[in-house]
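One structure below.
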Amino acid sequence: MLMSGAKMLLECLVREGVDCFFGYPGGVTLPFYDALYDHPIRHVLVRHEENACFAAEGYARATGKVGVCCATSGPGATNLITGLVDSMMDSIPIVALTGQVSTKLIGSDAFQEADTFGITRSCTKHNYLVKKLEDLPQVVHEAFYIAASGRPGPVLVDVPKDVFQGQSHYQPVTAIHLPGYKVYTEGHTGQIRRAAQLIGESQRPMVYAGGGIIAAGASGELRALVELVDAPAVTTLMGLGALSATHPNFVSMPGMHVSYAANMGMTHCDLIIALGVRFDDRVTGRLAAFAPHAKVIHVDIDPAEIGKNRAADVPIVGDVKRVLGKLNKLLEDALPVDQAKRAAARKAWWAQLRKWQAEHPLVPVTSDSEIKPQHLMMEIDRLSGGKAIVTSDVGQHQMWAAQFIRFTEPRQWINSGGLGSMGFGLPSAIGAQFARPDKLVFSIVGDGGFQMSIPELATVASYGLPIKIVVMNNGYLGMVRQWQELFYNNRLSAVELDCFPDAEKLAGAYGFKGRTIDKPWELTPALEEAVRDPGPYLLNVKVSPHECVYPMVPAGGAINEMVLGPPQPVAVPK
Amino acid sequence: MLQVISLLVENKPGALMRVTGVLSARGYNIESLTVARTLDPGLSRMTIAVDVDAALRQQVIKQMNKLVNVLQAVDLTEERAVLRELVLVKVRAVQGTRTAVLKEAEIFGARVVDSSPEGFALEATGDLEKLDEFIDVMRSYGEVECTRSGVVAVALEPKKLRLQPPVPTKAAANSEEKDGVLNG
Ligand SMILES: Cc1ncc(C[n+]2csc(CCOP(=O)(O)OP(=O)(O)O)c2C)c(N)n1
Ligand SMILES: [Mg+2]
C-alpha cells in the first residue's frame, strides 16, 4: 500500500498500542499534523514542549506503558531536553518524535534547524535520524522496543520534513533485530543460590527497594520476599508504593530526608538486599560510611549499576521480577529448622527497629494558628486513603509529601527523582490523568515550581481535567532557603517569591475554581471541597514559611549523622 | 597506564560519537582512537587508548556495552593482546646524514616510502614505546614531522560474542497470540 511517511508513523504508533500522545506542532511537522487531522489517535496539545515530555512521563509513570511526545525541529526539539534527561535519570520509557528540516537542507543552518540527533545523544537511551522513508517503520518499532525493554528510558526519533511527505509502500514490521542490544533478564542461578544462602545466614537484613521494582511490576514478589524473610524494608523516593506503606514491615524511605529508623537500620544491618536501586548519593550519604557492617546482594537489570557506587557481594544482573521469583522459591524451600532460626534472629532486630521508630518518629507537626506543611500532607493522605495518584514538583513539599502520604500501590506516586526538575508536577499530572481518567489526581506543587508550569493551566482547562492542584505556598524557594538558613548563616539570597498570583482569579481566568487558604481550620473543608468539585481545582495553601524538612543528613554526612530538628549546626558544606 | 579498549561496533551514523561520549561525559581524554570496518562491512572495529582511573575501567566498559550499536566492548589493558601502531616520519637528511638515517631506520624495521634530496619519509610499525624511541632517534638528525595512526589491538584470547536474537514487534507478537502463527 502506498502511504505517506506521516501516515506510516501514525500507523506504527497504532501498532505499538499508543492511544494518546502529547505534543506541539510547527513548520516541519505540518505534514504529520495534517495526517493526524482525521486520525483516531488522540493528540493532546500542551502549551510548551518541555511539558509534552513531562506529560508523557506522567502517562508512562502512571501506567508502565511507553509515553509519547512530539515536537517540531529546532526550538521545539531543544525544549524537550529537560524532559528527556528527566526520563533518562528515572528510567521512564519515552518515545520522543521530533521534526527535522528536509534532508537536503540538513547541515545548511536552515530555518529552525538544530542538530537534534547530536544534541540528544547524551540524554537518550538511544536516538535516530531517519534519512530514508523506507527505514521509518523499522526505526519506530525499534524505538518503542528499546524504550520499554531492559532498563527503560527515552528514545528519540528525528524525522525530516521530506520523509513525512514522501510516499512509499508500507510493509508492516514483524521483527526487531538489534544484535548489540543486550537485555539480561534471568539472573545467574548460582548467584541467586548464594543470595538465598546469605539471607539465611543474616541476623539483621534490610530490604532496600527502588524504582526498578515498579518498572518490573515486581511488587508482589517484593512483598513475598519481605514476608518470607521478615525483613524490614525501605523504599527509595522512586520506589514509594512498591511495598505498601501500610505493610507492617515497611519502615520508610532512607537517605537525606527520611526517617531515623530507616537510616539507622541501613547503618546497622548486616545484609542489604538491594532491588532495582542504584545507591544514589541522596540515599547513601557519605558512601564510605554507608552501611559499614553490611554485605550486599544487588539485583538490577542494568549491569552498569552493579558495583558502580557500592561493591556487591552477590551481584545479580536480571529482571528483578524473575530473579525474586526464583529467590523466593529457594527461600520457601528452606528447611523448617532454618526458617525457625531465621524467625528467632529476627526478634531482636525488629525490637531494635521499633525502638528507633519510637525514639524519632516522623512528626506530624500541626499548629493552631498556621497551616504546617506536614499537616497539609497528612490531610491529603487522609483524603486519598491510599488510592489517589499524587504527582509532585521538586522541593520541600516533595519531601514532606514523600514522608507523610502513604502509597499502597505502585504508580501512585509520580515525581522527578533523579533530575529533580522543577516544573514537573503539573504537566506530569496531566499525563497521569489522561492515562487514568478513573483516578483522583492530586498535583502537589511549590509556589516556585508551579510558576514554571503555569501555562499548562490552559491545557488542564481545555481538556477539563479534574486535577486537584495543591500549591504548598511558603513564599519561598523553600528547599534552597532551608540550605541557606542552615549552612549559609541564614543569608537568604534570591529565594523570596513575592507577587504570587491570586489563585481564585488565576483559576477563574481559565474558567475553573480556585481558592487561597491560610488557617488550619480551613484546610479540611477546602481540600474536601476541591475533591468534591467535578472539575479542575487550584487550591493555594499558605503554610508557615520557615519550616524546614527534618530529619536531614547534611551534604557529605553519613546517614546516621542526621540533624533531627532545629536548632541546627551552622557550617558551610563542602 | 592507559586503558586499551577494543570494540566491535555497528557501522552506523553516530556510533562513534556514542562511544566517545561515554568517555567525554566523564571528562576523560582520549589518547588515540582508530576505527575501520571488519570483514563484515556492517561492523567496525574500534581501538581506544584512554587515561582512565583503574577503579573506573570496568564501569567504562559496562557503559560502552550498554550502547545499542556496540556488539562488544572489552578491556585489553591487562589481557593477552597484541598492540601495534604505525608512524609516518618525515626526516630531513642531506648529504652527510643520509646513510646514518637509513641505517637507524633499518634497525627499527622502518621502510622508506619516499626519498628526495631533502630527506626521507619513513614508515614504521611497532608497539608504542618502540615508536617513541624511533621518533626520538630520528629527531637527533634534525627536524622531523610525524603522524601516528593510534594504537590498533587484537586480543589473543578468544572473546565470546553474545548477540541478541531477533524479537517480534509488539503488533506481530499480539497477532501471534491471536492466531497462533507469526504473520509475515
Ligand atoms: C529547574 C530547576 N531549577 C532549580 C532547581 C533548584 N531547586 C531545587 S528545590 C528549589 C526550590 C523550589 O521552590 P518551591 O517550588 O517553592 O518548592 P518548596 O521547596 O518551597 O516546597 C529550587 C530552586 C531545580 N530543582 N530545578
Ligand atoms: Mg515554595
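Since every read-out is calculated from the coordinates, none of them should be taken as a lab result. Just so we're clear, the structure is a prediction, and the values are computed from it rather than from any experiment. Every residue, glycine as well, gets a Cβ built from its backbone with ideal geometry; the counts of neighbours run over all protein chains shown.
So what is the orientation-averaged projected area of the range A:373-542, using the convex hull of its C-alpha atoms, in nm²? Please report the intermediate quantities before stating the final value.
On the way: hull surface 38.1 nm².
Taking a quarter of the hull surface, the average projection is 9.5 nm².
Under 14 Å of direct C-alpha separation, and excluding same-chain neighbours fewer than eight residues apart, B:Lys62 reaches these aspartates and glutamates: A:Asp300, A:Asp302, A:Glu305, B:Asp75.
Sorted largest first, the principal axis extents computed over the alpha-carbon atoms of the protein assembly as shown equal 102, 66, 65 Å. Take each peptide in A:279-285, B:124-130, A:263-269, A:181-187, count the other Cβ atoms within 10 Å of every residue, and average; sorted highest first, the result is A:263-269, A:279-285, A:181-187, B:124-130. About its Cα centre, the dipole of chain B is roughly 540 debye, where the only charges are +1 on Lys and Arg Cβ and -1 on Asp and Glu Cβ.
Once every Cα of the range A:189-359 carries one equal point scatterer and solvent is ignored, give the base-10 log of I(q)/I(0) from the Debye formula at q = 0.13, 0.14, 0.18 Å⁻¹, two decimals. After summing over all Cα pairs, the log10 values are -0.54, -0.64, -1.13.
Toward the positive end of the charge dipole of the range B:2-79, about the Cα centre and with charges on Cβ (Lys, Arg +1; Asp, Glu -1), which of B:Met17, B:Leu7, B:Val35 goes farthest? Positive-most Cα among the choices belongs to B:Met17.
Considering every residue in B:158-170, what mean count of other chain Cβ atoms within 10 Å of its Cβ is obtained?
Working: counts 0, 0, 0, 1, 4, 6, 9, 4, 6, 8, 6, 15, 9.
The mean count of partner-chain Cβ atoms within 10 Å per residue comes to 5.
Using the alpha carbons of the range A:344-398, what is the convex hull volume per residue in cubic angstrom, as a whole number? Working shown, then result.
Details: hull volume 8.0 nm³, N = 55.
Looking at the range A:344-398, the number lands at 146 Å³ per residue.
Please compute the contact order of chain A in relative form: average sequence separation of alpha-carbon pairs under 8 Å and at least six residues apart, divided by the residue count, as a percent.
Details: 1293 pairs, mean separation 79.2, N = 574.
14 percent.
Cross-link pairs exceeding 32 Å between alpha carbons, from the set A:Lys387/A:Lys505; A:Lys7/B:Lys12; A:Lys65/A:Lys131; A:Lys65/A:Lys104; A:Lys308/B:Lys160: A:Lys65/A:Lys104. Normalising the Debye intensity of chain B to I(0), with uniform scatterers on Cα atoms only, and taking log10 at q = 0.10, 0.11, 0.14, 0.19 Å⁻¹ returns -0.56, -0.64, -0.87, -1.15. Of all the options B:Ala173, B:Ala105, B:Ala54, the one that moves most in a Gaussian network model of chain B with Cα springs shorter than 10 angstrom is B:Ala173.
Computed over every Cα-Cα pair of the range A:2-169 and binned at 5 Å starting from 0, the pair-distance distribution P(r) comes out as 2, 10, 21, 25, 23, 14, 5, 1, 0 percent.
Counting only lysines at least 8 places from B:Lys103 when in the same chain, those with an alpha carbon closer than 29 Å to its own are B:Lys90, B:Lys130. Of the trypsin sites (Lys or Arg not before Pro) in the range A:430-485, the ones in a loop by DSSP (not H, G, I, E or B) with at most 16 other beta carbons within 10 Å are A:Lys439. Taking Cα atoms only, the orientation of helix B:170-179 departs from the longest principal axis of chain B by about 40 degrees. About its Cα centre, the dipole of chain A is roughly 1340 debye, where the only charges are +1 on Lys and Arg Cβ and -1 on Asp and Glu Cβ.
Given the rule -39500 (n - 2.57) for each run of at least 4 DSSP H residues, summed and divided by the residues of the protein assembly as shown, what is its mean residue ellipticity at 222 nm, to the nearest 500 deg cm²/dmol? After summing the helix terms and dividing by the residues of the protein assembly as shown, the value is -10500 deg cm²/dmol. For chain B, a Gaussian network of Cα nodes joined below 10 Å ranks B:Gly21, B:Gly96, B:Gly150 by mean-square fluctuation, and the top entry is B:Gly96.
With contacts taken as Cα pairs under 8 Å at a separation of at least 6 residues, the range B:1-102 carries a relative contact order of 36 percent. Relative to the longest principal axis of the Cα atoms of chain B, the long axis of helix B:15-24 lies at roughly 70 degrees.
For the range A:373-542, the relative contact order works out to 21 percent when only alpha carbon pairs closer than 8 Å and six or more residues apart are counted.
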